[in-house]
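Peer 1: Next up is a structure, given as structure tokens.
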Number of protein chains: 2
Amino acid sequence: MQKKYLMTPGPTPVPAEVLLTQAAPMIHHRTPDFSAAFMEAIDGLKYVFQTEASDVLVFASSGTGAMESSIANCFCPGDSVIVCRNGKFGDRMKQIAEVYGLNVIDLAYPWTQVVDPADVATALEENPGVRGVIVTQSETSSGVLNDVEKIGAIVREHPDVVLIVDSITGIGAVECKTDEWGLDVVMTGSQKGLMLPPGLAAVTVSEKAWRAYERSTLPKFYFDWKKYKKNLEKQTTPFTPAVSLILGLNEALKMIREEGIENVIARHARLAEATRKGCEALGLKLFAPPEGRGNAVTPVWVPEGVDGKAIVKIMKDKYGVTIAGGQDEYAGKIFRVGHLGYFGEFDIITTLAALEMTLAELGYEFERGAGIRAAEAVFMGA
Amino acid sequence: MQKKYLMTPGPTPVPAEVLLTQAAPMIHHRTPDFSAAFMEAIDGLKYVFQTEASDVLVFASSGTGAMESSIANCFCPGDSVIVCRNGKFGDRMKQIAEVYGLNVIDLAYPWTQVVDPADVATALEENPGVRGVIVTQSETSSGVLNDVEKIGAIVREHPDVVLIVDSITGIGAVECKTDEWGLDVVMTGSQKGLMLPPGLAAVTVSEKAWRAYERSTLPKFYFDWKKYKKNLEKQTTPFTPAVSLILGLNEALKMIREEGIENVIARHARLAEATRKGCEALGLKLFAPPEGRGNAVTPVWVPEGVDGKAIVKIMKDKYGVTIAGGQDEYAGKIFRVGHLGYFGEFDIITTLAALEMTLAELGYEFERGAGIRAAEAVFMGA
């Protein structure tokens, strides 16, 4: 037997309380029992998204379904949108926008840089008639945190521009004040900060986003927001919901509420800080820049002379600790430690210890124990 | 405590073996462990769909996602398609086709009639250039079974026409020979004959359907078939799969294989026959016509003078037996007993007994016990 540790930025570990809910007998979705559970889930999601003004809609899909829904529901063919991208998921938003025939104004940055809100302001000035700004808050591929609060303040000045925020690995890990920051569409997926298995996605829709919807002519059916909104008013869903995941969601939301969303985010900040300090104490270099590091995942450069894929493989095979490698051009060049969702301090200690043993085996030179010591210092508030 | 019985055509009861699998710890989807489970699931689905020639693609979505995918992946704006419809889900296919700007040649029948294959042949002759024929094999709303074998033989003569079959409540309940009958796209959903919670959908894609794909210009991303096919070749999925449902699927597929697909279908035929005979013995009238009755669900006319909604309500509240009411214009006029998936003979006995007690309470006159007697006769092969 080898104990397993899932330290990836999604799917993330699921608490036993939530897993057991998945084993509950099936109930029908057109019943008062399900409606009550569903409305409880919507209410809990509003708490997590920190919104009262926006609607929250839930799909049976992965996060990409929610991404696609934001394009198909807000725009018309030929509409111009500003896509900010500094990672794989920003790239994906650009691809979806192009598939739907939008004119993409491409704000592309290296994966190691944050999006500069001033560039968004300039792009909006230079391109009158733009209908949307699209940004990834927490880039899973790079660990970069983009400042959606500042971008929100800029976009708010433009009554015809909706701000779409992919916060799939942000929600629950970093601060995301949907109403206060003026974010029109915010999305997340179940297998992230919500501590569920994959299969659910959720989006918030502001009044401004509903105005964009009314104008939109792009084809949509399964992801048609209005169908979800109309059914929400009847406490149900337009299509068969993923019943067991909705029931599990309530269990997870109960845990989040008990801890309090501010405390959940503070816990993520502490775990991320310990991971970063621990890695730096081993002489490793962090991938994301100091001015924008998220709490969901810590990407780390593979040190010179070490085989990056071997790090991931030994961690998994020898120690049972699954971390993620780099994506696209960074495959083999970085590794990524996830600490999003159901994570505590000793998960970070475990991962750093496995990393120390793995790096030692691969001939990398460093002071053994230094990583743990640095993480402990963070946890002790030193 | 009240024991609960879920007798609806979806979600359907989930075997405890499958439910427990949902409670397994989360694993990452980009791992050999998941790939092995995923390919086993694809292989099992091919067995259930009775196809070797077609690809089988799996989405995290409800069945409607698979329906939408068949439109978005096979056609171009303005394409003409023949939509056969005799129920709510045929109507839905027409709606989706219209949302995507197709020209719908509408073969509409009353919900109590089967689609006449001769009408399909005529429509194909009268409308050269048609690109698709769309038909619901097993209508959940009406219990009608359409003859997709005969329609397949007709469409096969037209090299540029794809045949799209919604078999969401057909697969596992009625015979559906994808390859042998020349069905280009066949779809199902997890919460039906596959005995899973809702959240997964699957489609088969024939070579002819892939040719349609190559021509298609409609926008798609999350449901883009090619992305799934490309990733299938690498034993994975383009977007995060619903991991726990895939693991549960293998458990369910193992049960289906052990019974044998022919026996599974024969069991459904027996349960449907017993339900029909039982209801008729109570003097009730069946909704679907004798020439086309599916095995997934038995819709029954509410007898004159009885409150249809009260039947469903008393069955559920007093006896714990959840059946379905009628949909759209048949709300309150029919009730529907599901027997699709994890069902055995005594589930039918239970339902008929609850129905007898309910009808008696509502003042309907009939010979008590006659329904059970008729069902027993079917089970005893009399």
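Peer 1: State whether one or more residues within segment B:141-148 are free of Cβ contacts under 8 Å to residues at least 40 places away in the same chain, crowded, with 24+ Cβ neighbours inside 10 Å, not assigned by TED's automatic domain parsing to the domain that holds B:GLU329 and not charged (D, E, K, R).
Peer 2: Looking only at segment B:141-148, we keep the residues that are free of Cβ contacts under 8 Å to residues at least 40 places away in the same chain, and these are B:148.
Retained after the next criterion (residues that are crowded, with 24+ Cβ neighbours inside 10 Å): B:148.
Imposing the further condition that a residue be not assigned by TED's automatic domain parsing to the domain that holds B:GLU329 reduces the set to B:148.
Keeping just the survivors that are not charged (D, E, K, R) gives B:148.
Yes, the conditions are met somewhere in segment B:141-148.
Peer 1: Identify the residue in segment A:191-221 that is in a loop (DSSP other than H, G, I, E, B) and in contact with a Gly (Cβ under 6 Å, 6 or more places away or on another chain) and, among all such residues, is farthest from the other protein chains (Cβ to nearest Cβ). Explain how you work it out, then say what you get.
Peer 2: At the first step, the residues of segment A:191-221 found to be in a loop (DSSP other than H, G, I, E, B) are A:191-199, A:206, A:216-221.
Checking the rest, the ones that are also in contact with a Gly (Cβ under 6 Å, 6 or more places away or on another chain) come to A:191-193, A:195-196, A:199.
Details: A:GLN191: 6, A:LYS192: 10, A:GLY193: 14, A:MET195: 10, A:LEU196: 9, A:GLY199: 4 Å.
Filtering first and then ranking leaves A:GLY193.
Peer 1: Taking the residues in segment A:6-30 that are surrounded by 17 or more Cβ atoms within 10 Å (Cβ to Cβ) and more than 26 Å from A:PHE239 (Cα to Cα) as candidates, determine which candidate is nearest to the chain's Cα centre (by Cα).
Peer 2: A:PRO9
Peer 1: Right, another one. Restricting attention to segment A:57-97, which residues are within 14 Å of A:VAL162 (Cα to Cα), hydroxyl-bearing (Ser, Thr, Tyr) and part of a loop (DSSP other than H, G, I, E, B)?
Peer 2: Once the filter is applied, which keeps residues that are within 14 Å of A:VAL162 (Cα to Cα), hydroxyl-bearing (Ser, Thr, Tyr) and part of a loop (DSSP other than H, G, I, E, B), segment A:57-97 yields nothing.
Peer 1: Please go through segment B:168-220 and pick out each residue that is in contact with a Ser or Thr (Cβ under 9 Å, 6 or more places away or on another chain), farther than 23 Å from B:VAL337 by Cα and hydroxyl-bearing (Ser, Thr, Tyr).
Peer 2: The answer is B:THR178, B:THR204, B:SER206.
Peer 1: What are the residue pairs meeting all of these: first residue in segment A:222-248, first residue more than 12 Å from chain B (Cβ to nearest Cβ) and surrounded by fewer than 17 Cβ atoms within 10 Å (Cβ to Cβ), second residue in a loop (DSSP other than H, G, I, E, B) and modelled with pLDDT of 95 or more, Cβ atoms under 7 Å, and 6 or more apart or on different chains?
Peer 2: A:ASN231/A:THR237; A:ASN231/A:PRO238
Peer 1: Would you check which residues across segment A:65-74 are within 11 Å of chain B (Cβ to nearest Cβ) and more than 19 Å from A:ASN146 (Cα to Cα) and list them? Even if it seems obvious, please write down each step before you answer.
Peer 2: As a first pass, look at segment A:65-74 and keep what is within 11 Å of chain B (Cβ to nearest Cβ): A:65-69, A:71-72.
Selection gives A:GLY65, A:ALA66, A:GLU68, A:SER69, A:ILE71, A:ALA72.
Peer 1: Here's something else I'd like to know. What number of residues in segment A:31-60 are within 13 Å of chain B (Cβ to nearest Cβ), surrounded by fewer than 22 Cβ atoms within 10 Å (Cβ to Cβ) and of a type in the set (Val, Ile, Thr)?
Peer 2: 1
Peer 1: Quick check: is even one residue across segment A:176-189 within 13 Å of another protein chain (Cβ to nearest Cβ) and either touching a His at 6+ places or on another chain (Cβ under 7 Å) or small (Gly, Ala, Ser) (or both)? Steps first, answer last, please.
Peer 2: Let us first name the residues in segment A:176-189 that are within 13 Å of another protein chain (Cβ to nearest Cβ), namely A:187-189.
Now drop any that are not either touching a His at 6+ places or on another chain (Cβ under 7 Å) or small (Gly, Ala, Ser) (or both), which leaves A:189.
Within segment A:176-189, one or more residues are within 13 Å of another protein chain (Cβ to nearest Cβ) and either touching a His at 6+ places or on another chain (Cβ under 7 Å) or small (Gly, Ala, Ser) (or both).
Peer 1: Continuing with the same structure: Quick one: in segment A:97-126, which of the residues that are among the polar types (S, T, N, Q) and within 23 Å of the chain's Cα centre (by Cα) is nearest to A:SER142 (Cα to Cα)? Talk me through it step by step, then tell me what you get.
Peer 2: Pass one, segment A:97-126, residues among the polar types (S, T, N, Q): A:103, A:112-113, A:122.
Checking the rest, the ones that are also within 23 Å of the chain's Cα centre (by Cα) come to A:112-113.
Numbers: A:THR112: 7, A:GLN113: 9 Å.
Filtering first and then ranking leaves A:THR112.
Peer 1: Consider B:ILE105 against the criteria (1) out of contact with any Cys (no Cβ under 7 Å at 6 or more places or on another chain); (2) among the hydrophobic types (A, V, I, L, M, F, W, C); (3) surrounded by 23 or more Cβ atoms within 10 Å (Cβ to Cβ); (4) more than 14 Å from chain A (Cβ to nearest Cβ): it satisfies all of them except one. Which criterion is unmet?
Peer 2: (3)
Peer 1: Right, here's the next one. If I ask for residues that are within 23 Å of B:PRO110 (Cβ to Cβ) and part of a loop (DSSP other than H, G, I, E, B), which ones from segment B:300-322 would you list?
Peer 2: Correct list: B:VAL302, B:PRO303, B:GLU304, B:VAL306.
The values are calculated or read from the model by the stated rules, or taken from the named source; none is laboratory data. Note that the coordinates shown come from a computational prediction; the quantities given were computed from them, not determined experimentally. Heads up, the Cβs are rebuilt from the backbone with ideal geometry, glycines too, and the neighbour counts pull from every protein chain shown.
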